[in-house]
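Novice: Take a look at the following structure, please.
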Amino acid sequence: MKLVFLGPPGAGKGTQASKIADRFAVTHASTGDIFRQAVAGGSELGKTVKSYLDEGKLVSDELTAQVVDSMVIDREDSFILDGFPRTIVQAELLDEMLDKRQMSLDGVVFFQLSDQEAVERLTGRLVCQGCGQNYHVKFMPPPEEGVCGKCGGDLIVRSDSSMEIVEKRLNEYKEKTEPLVDYYRKQNGLLKIVDAALSPDQVTRDTVKVIEEIMG
Ligand SMILES: [Zn+2]
């Protein structure tokens, strides 16, 4: 089973990937984790990645693809890619990696969420200054406004939850990643759409259903 999970920030695709990977006993290959593992492993590739990260440079599509190739495609028969591909160039590189091994994707699950919903989810995030507990003004409100239900500490808006940062992330997604939806739609039957605006449990049930269809 070889799947790609796609979706805008806030759609909960990472959480779903983790649950689905457990359920079907496949590898959840999140790009962030893969990079950390590559760096920790200390291979030549890992050292190259580390030098980019240390210098705060953006890791190129080609280098990202190489890391996914050696850490996932080369090692695993079954996986869910989460966070890769992120651009059309990366998607083309993924196709090449699979082609040269006579393999192909079984499906691409797109977690669909409106802009408005994404903004609402991403901007309302709070964190406790005392214990680090996360809240959300709408989806997971604290029992008392501004006060942590666990330790009584003060709640502040999470630093990655400002409108400015959220808009930047969404714009980047739209510009670079959203074109992948059409890229995969054009490949016969590959793209499956799940409504990510529903409750997380419902989204999991719908995703399971879609994957069972894919795997026949
Ligand atoms: Zn707290």
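What follows is calculated from the coordinates using simple rules that are stated; it is not laboratory data. The structure presented is a predicted model; accordingly, all values stated were derived computationally and were not measured. So basically every Cβ, Gly included, is an ideal-geometry build from the backbone, and we count neighbours across all protein chains shown.
Novice: Please give the length that would be gained between Cys131 and Glu175 if that part of the chain were fully extended, namely 0.36 nm times their separation in residues minus their C-alpha to C-alpha distance (nm, one decimal).
Specialist: So the chain would gain 12.2 nm between Cys131 and Glu175.
Novice: I want to check the label-to-label distance for Thr15 and Glu117. Put each point 7 Å from Cα in the C-beta direction and report it in nm to one decimal.
Specialist: If labels sit at Thr15 and Glu117, their model points lie 1.3 nm apart.
Novice: Between Ser104 and Asp154, what is 0.36 nm times their sequence separation minus the Cα-Cα distance? Round to one decimal in nm.
Specialist: Net length gain for the segment: 13.0 nm.
Novice: Taking a ≥ b ≥ c as the square roots of the eigenvalues of the Cα gyration tensor of the stretch 25-132, is the shape rounded (a/c under 1.5), prolate (a/b larger than b/c) or oblate? It would help to have the intermediate numbers written out before the result.
Specialist: On the way: a/c = 1.91, a/b = 1.28, b/c = 1.50.
In terms of gyration-tensor shape, oblate.
Novice: Taking a threshold of 21 Å on the Cα-Cα distance, which of the pairs Lys19/Lys168; Lys57/Lys168; Lys19/Lys47; Lys19/Lys100; Lys138/Lys209 fall above it?
Specialist: Lys19/Lys168; Lys19/Lys47; Lys19/Lys100; Lys138/Lys209
Novice: Using 0.36 nm times the number of residues separating Leu198 and Val147, minus their current alpha carbon distance, what extension gain do you get? Spell out each step's value before the answer.
Specialist: Values: separation 51, 0.36 × 51 = 18.36 nm, distance 2.75 nm.
Stretched fully, the Leu198-Val147 segment lengthens by 15.6 nm.
Novice: If the cut-off is 20 Å between C-alpha atoms, which lysines fall inside it for Lys186, apart from same-chain ones fewer than 8 positions away?
Specialist: Once the sequence-local lysines are set aside, what remains near Lys186 is Lys2, Lys174, Lys176.
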